[in-house]
Structures are given as C-alpha cells and as structure tokens.
Amino acid sequence: MPLHAVEIPELWMPHPLRVNPHLPGLRAESETWAREMGMLDAGDGRPERPIWTLTQFRAMTVDLLTAWTLPDASPDALRLNHRFNIWALAWDDYFAHAFKRTSDLQAAHDFTARLHAFLRPGEGVRPPEPVNAVERGIADLQRHLFPPRLAHWRQEFNRSLARYIDAGVEELTNSRTGRVPHLIDYAPFRRESFAAHTAPYSVELATGARIPERIRHSRTVRGLTAAFMDVMGLANDIASYEREVHEEHDVNNLVVVIGTSLGIPLREAVPASVHLVNSRMRDFEQHREEDVPLLARRAGLSPEERAELETWIGGACSFLSGLHAWYTGAPRYVPAEPSFPEQRLSAGPVDEPYRRGAGRHAATPPSAVGLGVDAEP
C-alpha cells in the first residue's frame, strides 16, 4: 500500500525556521566542489559515472538544507557543513545504487573498508589514493573539517562517520535476509545509519559554542542529545518511506519496523511512527525547558557556561527546524506535483510563510504516546 493512501498526522515542530543570510552563495560553490569530486559530470572525460545529474543535484536543495539547519553559521562554517551534507547524500545515493539495488554485499564490504582508511589515519600513514567520488569527497573533507578550536571533536566525529558507513552494510544485510530490526534496537541503530552523531559537531561548528565539559556526560544531557538525534533520523524515515521501501526494497525504515514489531498494518504503522517522532520531540523539549536548567543550577555552572549551553541548545533547535522544513518541502521527498498535498506530512512546496518562520510550525504538540527517556540529571 502506498503511503499516500494513509491519513498521516502532522509532524510537530515548535521552533520557527530561520535562514542563514549567506545562503545565496552556496549553490554555485557547491556545484563546483561536487564536480571537482566527481559527483557531478565535470566534462573532463573522467570514465566513472557521476552520482547525480545537475537536475538531480539541484532538486535536492542541499543549499537550503544547510542554510536552514545552521542559520547562525559563518560563511566558512556554512560552506564546510554544506560540503559535508553533500558528501553524506553522495555516500547514501552511491551506496543505494551500487550495492542495495544489486545486493552485492561483498562489494559493499570492500567499499566500506576502503572508506575507513580515509578517516584520519595514524601519524605518518598516508590514506589511499581516492578512486571514486565518495572517496575524493571524504579525503577532501578530512583536510578541512577540524579547526584547532574543535580539535576535541576529531576522534569522536570520525568514530561517528565510521558508524555511519558501517551501518550501510548492516542495512544491506538486513534487506538481503529480510530481517526487519526490532523497534527496541532500531532507534540507537538509526542514530548511526543517519550519521546523527555528527550533528552535535555541526552545531558546535556553526554556533561556536559547546556543552560544558562537566555536564556533557550527564544522564540529562545524554537524554537531550538522544532525543535530538532520534527526531532527525526517525522523521527522515517517514519522509523517505516510499523511496526506500518501494524503490530500494529496504526494510530499515521506522514504518516497517513498527508495523513488524507490533504486528499492525500500514494504515496503523504510519500514524504510530509519526506519534513516536512527536513523542521524541516532546522529550527534547522537556529536557531543554526543565531538566537542563535544573542540571545547570545543581552543577553550579557559571554565567558564561550557561550562556554557552543556551547558545548550543538554540543551535540544536534551529537544526531540527531546518531539517523539518527540508523533509516537508524538498523535491527529494515531496513530488513536484503531489497528489496528496494535505496528507504528505503537512507539506506542500516551501512557501513564503515557511521562509518567515511561520506557517506549519505548531505551537503545541499533537497528542502522542511513545518511548520516553529518564530525565534525572
């Protein structure tokens, strides 16, 4: 049954959309970089097939994704995050075309093993020579991703990237065997397969702020960041359901996982999936509004530390709002002429009210029942 045959509740987003003022310069620069990496046809006689046509690339509106998720980023930070977003989508589309559609598990293993060699090899160890667009992209990003003030993120960020690319092989294994992950296991796995663990780094890079070290590993902050990452990846599953399930025959999707784990049909699994995402958004809001301020008082954070924490959390809110706008408006997820505009996650084309931060961002959450997170500090 196609998704548009099911009545879909609205995904809740309480934070207004803001747009980075440096958006106008992103598209041309990103097309140049994508061509240099081989993701777009460069017209230089390169034998490999590019990942996208120019029309496909522009339809993804990655420039909007970046400018919406990081409205306060400097031009340099915005450009770097934009290239990372392009690379992550390039990896996703390349992997789907080369391995998921062919079910070539051994080739997927070999491709993934080579990518690991580009993730900051040991001192004095040179990475291999890139042989395709995905390898060229990650090699280039590794040269630029780690400014000195964010050196503490280097190991953690690359560990997150390693989990991201490894998750592709696990997804392919599940699809080949028909093994649908269980709901209990799926949420933490989706944080890996969506590269959600890299998002806190993007927020730091964009805002210049970080969570104070003495509360970074507390239960409350872990709950906040877990909900932050879950909203990202699980909402993406709903937006990309038809492409992943019907075109790529993927079983690694929240709608499929809920339907199989709970033994319910699609007409019930779709709204249950939306309610679960909304529940995680409510968890994030509770941590942000109640639990984190309480933790900051108990930990005796200084005014400077509190200000930095608030800046980071504000950046995380903008990140979620920008993703929500992209999921519900980008042609990658919404057909140019949708036959069910009222039902497609409350989405139509990205219009002027959206750009002003009004429109579809509801002030109060829909009723939702889902998996919560213990909020003790």
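So the check is Cβ under 7 Å with 6+ separation or different chains; which pairs have a first residue in region 311-327 that's more than 18 Å from ASP283 (Cβ to Cβ) and a second one that's among the polar types (S, T, N, Q) and surrounded by fewer than 24 Cβ atoms within 10 Å (Cβ to Cβ)?
The qualifying pairs are THR311/THR207; GLY315/THR207; TYR327/ASN236.
Which is under 18 Å from LEU224 (Cα atoms) and in contact with a Cys (Cβ under 8 Å, 6 or more places away or on another chain), of ARG282, ARG288?
Exactly one of ARG282, ARG288 is under 18 Å from LEU224 (Cα atoms) and in contact with a Cys (Cβ under 8 Å, 6 or more places away or on another chain), namely ARG288.
Could you give every pair whose Cβ atoms fall below 6 Å, whose first residue belongs to region 237-262 and is closer than 14 Å to ASN174 by Cβ and free of Cβ contacts under 8 Å to residues at least 40 places away in the same chain, and whose second residue is of a type in the set (A, V, I, L, M, F, W, C) and open to solvent by 10 Å² or more (accessible area, probe 1.4 Å), counting only separations of at least 6 or pairs across chains?
ASN253/VAL245
Would a scan of region 280-292 turn up a residue that is under 23 Å from the mean Cα position of the chain (by Cα) and acidic (Asp, Glu)? Lay out the reasoning, then the answer.
Our first condition is that a residue be under 23 Å from the mean Cα position of the chain (by Cα); within region 280-292, this holds for 280-288.
From the residues that got through so far, the ones that are acidic (Asp, Glu) too are 283, 285.
Yes, there is a match, as at least one residue in region 280-292 is under 23 Å from the mean Cα position of the chain (by Cα) and acidic (Asp, Glu).
Which of the residues belonging to region 41-79 are within 20 Å of the chain's Cα centre (by Cα) and over 25 Å from PRO16 (Cβ atoms)? It would help to see each step written out before you state the result.
Residues of region 41-79 that are within 20 Å of the chain's Cα centre (by Cα), as a first pass: 51-52, 56-73, 77-79.
Once the filter is applied, which keeps residues that are within 20 Å of the chain's Cα centre (by Cα) and over 25 Å from PRO16 (Cβ atoms), region 41-79 yields ILE51, TRP52, GLN56, PHE57, ARG58, ALA59.
Select from region 103-132 the residues that are closer than 21 Å to VAL251 by Cα and touching a helix residue (DSSP H, G or I) at 6+ places or on another chain (Cβ under 9 Å) and list them in ascending order. I'd like the intermediate steps shown before the answer.
Of region 103-132, the ones closer than 21 Å to VAL251 by Cα are 103-109, 112.
SER103, ASP104, LEU105, ALA107, ALA108, HIS109, THR112, listed by residue number.
Could you tell me whether any residue of region 61-70 is open to solvent by 10 Å² or more (accessible area, probe 1.4 Å) and in a loop (DSSP other than H, G, I, E, B)?
Step one: filter region 61-70 for residues open to solvent by 10 Å² or more (accessible area, probe 1.4 Å), giving 61, 63-65.
Pick out the ones that are also in a loop (DSSP other than H, G, I, E, B) and you get 61.
There is at least one residue in region 61-70 that is open to solvent by 10 Å² or more (accessible area, probe 1.4 Å) and in a loop (DSSP other than H, G, I, E, B).
Hey, among the residues in region 225-241 that are of a type in the set (A, V, I, L, M) and crowded, with 21+ Cβ neighbours inside 10 Å, which one's nearest to the chain's Cα centre (by Cα)?
First, the residues of region 225-241 that are of a type in the set (A, V, I, L, M): 226-227, 229, 231-232, 234-235, 238-239.
With crowded, with 21+ Cβ neighbours inside 10 Å added as a condition, the list becomes 227, 229, 231-232, 234-235, 238-239.
Working: ALA227: 13, MET229: 8, VAL231: 9, MET232: 5, LEU234: 9, ALA235: 9, ILE238: 13, ALA239: 12 Å.
Filtering region 225-241 for residues that are of a type in the set (A, V, I, L, M) and crowded, with 21+ Cβ neighbours inside 10 Å, the one nearest to the chain's Cα centre (by Cα) comes out as MET232.
Could you tell me how many of the residues in region 172-215 are small (Gly, Ala, Ser) and not in a helix (DSSP H, G or I)? Explain how you work it out, then say what you get.
Step one: list which residues in region 172-215 are small (Gly, Ala, Ser), which gives 175, 178, 187, 193, 195-196, 199, 202, 206, 208-209.
Okay, now just the ones that are also not in a helix (DSSP H, G or I), so 178, 195, 208-209.
The qualifying residues number 4.
Within the group TRP33, TRP87, TRP68, which residue is aromatic (Phe, Trp, Tyr) and touching a Lys or Arg at 6+ places or on another chain (Cβ under 7 Å)?
TRP33
Among the residues of region 242-265, write down those that are of a type outside the set (Val, Ile, Thr), under 16 Å from LEU183 (Cα atoms) and either surrounded by fewer than 24 Cβ atoms within 10 Å (Cβ to Cβ) or in contact with a strand residue (DSSP E or B) (Cβ under 7 Å, 6 or more places away or on another chain) (or both). Show your work before the answer.
Kept after step one, since they are of a type outside the set (Val, Ile, Thr), are these residues of region 242-265: 242-244, 246-250, 252-254, 259, 261-263, 265.
Restricting the remaining residues to those that are under 16 Å from LEU183 (Cα atoms) gives 250, 252-254, 259, 261-263, 265.
Answer for region 242-265, where residues must be of a type outside the set (Val, Ile, Thr), under 16 Å from LEU183 (Cα atoms) and either surrounded by fewer than 24 Cβ atoms within 10 Å (Cβ to Cβ) or in contact with a strand residue (DSSP E or B) (Cβ under 7 Å, 6 or more places away or on another chain) (or both): ASP250, GLY259, SER261, LEU262, GLY263, PRO265.
Could you list all residues from region 83-139 that are exposed (fewer than 13 other Cβ atoms within 10 Å of the Cβ), closer than 24 Å to GLN155 by Cα and under 23 Å from the mean Cα position of the chain (by Cα)?
Within region 83-139, just ALA113 meets the criteria.
The values are calculated or read from the model by the stated rules, or taken from the named source; none is laboratory data. In this text, all values refer to a predicted model and were calculated from it rather than measured experimentally. Here the Cβ is made from the backbone with ideal geometry for all residues, glycine too, and neighbour counts use every protein chain on show. Heavy atoms of the whole protein, side chains included, go into the accessibility calculation; ligands, DNA and RNA do not. Shrake-Rupley method; radii C 1.70, N 1.55, O 1.52, S 1.80 Å.
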